[in-house]
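Enquirer: Take a look at the following structure, please.
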Amino acid sequence: QVQLVESGGGLVQPGGSLRLSCAASGSIFSINVMGWYRQAPGKQRELVALITSNGGTNYADSVKGRFTISRDNAKNTMYLQMNSLKPEDTAVYYCNLLSQMGNYWGQGTQVTVSS
C-alpha cells in the first residue's frame, strides 16, 4: 500500500506563487509516474502535470510556462511550483502515483487564488 500526503496549499493573490509538496510512503515501486490533478467546484478532475520516475514531464496547456513539476526520488517527494497564479487555478489539488502496484491518490490540498 502507498500513502500520499499533500501540503503547501493556501490562499494567494493573483500573480502570486505557491509550492505544493507530495510525500509518498509505503510500498513504492521504483518505476512509476507521479502527477498533480485538480478539481474546481462543479468541474471534473483534470490533469495539471505528470512526471515519470526518470524525470520526463508533461503539462496541461493551461499551466505551461507557469507551473513546474519536479521530484526527489531519494525522498519519495514530488513538488509543484506554481507561479503567476490566476483565479481560475483555484481548486483542490490532488497528488497521484501510478505504478504496476496500483493507482493511488492523496487527500487533496486547497489552493485559492483571490484578491
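The values are calculated or read from the model by the stated rules, or taken from the named source; none is laboratory data. Predicted model, so just to flag it, every value in this text is computed and none were measured. Every residue, glycine among them, receives a Cβ derived from its backbone with ideal geometry; neighbour counts consider all protein chains shown.
Enquirer: Please specify each residue of the range 28-81 satisfying the condition of being hydroxyl-bearing (Ser, Thr, Tyr), at pLDDT below 95 and loosely packed, with under 14 Cβ neighbours inside 10 Å.
Expert: Within the range 28-81, just 30 meets the criteria.
Enquirer: Residue 101: closer than 14 Å to residue 3 by Cβ, touching a strand residue (DSSP E or B) at 6+ places or on another chain (Cβ under 6 Å) and either in contact (Cβ under 8 Å) with a residue 60 or more places away in the chain or surrounded by 15 or more Cβ atoms within 10 Å (Cβ to Cβ) (or both), yes or no?
Expert: For residue 101, the condition - closer than 14 Å to residue 3 by Cβ, touching a strand residue (DSSP E or B) at 6+ places or on another chain (Cβ under 6 Å) and either in contact (Cβ under 8 Å) with a residue 60 or more places away in the chain or surrounded by 15 or more Cβ atoms within 10 Å (Cβ to Cβ) (or both) - is not met.
Enquirer: Which one of these does residue 64 not meet: (1) basic (Lys, Arg); (2) touching a residue at least 40 places away in the same chain (Cβ under 8 Å); (3) farther than 21 Å from residue 26 by Cβ?
Expert: (2)
Enquirer: Another question, if that's okay. Being assigned to a strand (DSSP E or B) and either touching a Pro at 6+ places or on another chain (Cβ under 8 Å) or farther than 21 Å from residue 16 by Cα (or both) is the filter here; which residues of the range 96-115 pass it?
Expert: 96, 97, 98, 99, 102, 103, 104, 105, 113
Enquirer: I need the full set of residues from the range 23-50 which are within 15 Å of the chain's Cα centre (by Cα), assigned to a loop (DSSP other than H, G, I, E, B) and of a type in the set (D, E, K, R), in order please.
Expert: Correct list: 45 only.
Enquirer: So in the range 82-95, with the set limited to residues that are part of a strand (DSSP E or B) and not aliphatic (A, V, I, L, M), which one is surrounded by the most Cβ atoms within 10 Å (Cβ to Cβ)?
Expert: 95
Enquirer: List the number of the failed condition for residue 20; all other conditions in (1) in a strand (DSSP E or B); (2) surrounded by fewer than 17 Cβ atoms within 10 Å (Cβ to Cβ); (3) touching a Phe, Trp or Tyr at 6+ places or on another chain (Cβ under 9 Å) hold.
Expert: The number of the failed condition is (2).
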